[in-house]
1. Of all residues being assigned to a loop (DSSP other than H, G, I, E, B) and at pLDDT 90 or above in the range 36-53, which is surrounded by the most Cβ atoms within 10 Å (Cβ to Cβ)? Just the residue, please.
2. Pairs, please: C-beta under 7 Å, at least 6 apart or cross-chain, first residue closer than 8 Å to TYR77 by Cβ and in the range 42-61, second of a type in the set (Phe, Trp, Tyr) and surrounded by 14 or more Cβ atoms within 10 Å (Cβ to Cβ)?
3. Could you pull out the residue among LEU56, LEU85 that is farther than 21 Å from ASN30 by Cβ and part of a helix (DSSP H, G or I)?
4. Which members of the range 73-93 meet the condition of being within 13 Å of GLY50 (Cα to Cα) and of a type in the set (Asp, Glu)?
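The values are calculated or read from the model by the stated rules, or taken from the named source; none is laboratory data. All of these numbers come straight from a predicted model, not from anything done at the bench. Ideal geometry is used to build each Cβ from the backbone, glycine not excepted, and the neighbour counts take in all protein chains shown.
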Amino acid sequence: MDQEITDNMIDKDHYYEFSEDNVNHPTHYNKHPSGIEAIEIIRWHNFNVGCCLKYLWRLGLKDGENDIKDLEKVIWYAYDEIKRLREIERRDTTKEDKIVDAILEVK
């Protein structure tokens with residue numbers, strides 16, 4: 001059911017009344033056996049972890065989509081999160097080293 005989005009539809013009370021909305025609520029969003037939509041889970045996590053969960057949650061539920069491509073996306077976001085955490089760890093270690101060096105210089 002294709003519908004043109006008009007200004008009066010932007011009011012969320014009316015916008016979400018459509019039975020099929022490929023922008024805000026594609027049919028594969030609720031195909032998980034639990035009936036839970038991925039957003040209900042991923043909103044509690046950071047971006048990278050949320051993306052991993054989203055692609056895993058909806059794996060095999062999108063019509064005509066390639067599961068391998070979605071799994072590759074999971075790997076990409078997981079690796080990006082690893083890089084992010086390693087950078088934080090490196091910065092924290094560098095800060096700790098500077099603090100220890102400063103303490104030792106004072107003595």
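1. Step one: filter the range 36-53 for residues assigned to a loop (DSSP other than H, G, I, E, B), giving 36-37, 43-46.
If we keep only those that are at pLDDT 90 or above as well, we get 43-46.
Details: ARG43: 8, TRP44: 9, HIS45: 14, ASN46: 10.
Step by step, filter the range 36-53, then rank; the result is HIS45.
2. ASN48/TYR77; CYS51/TYR77; CYS52/TYR77
3. Working: LEU56 fails: farther than 21 Å from ASN30 by Cβ.
That would be LEU85, the only listed residue that is farther than 21 Å from ASN30 by Cβ and part of a helix (DSSP H, G or I).
4. Across the range 73-93, the qualifying residues are ASP80, GLU81.
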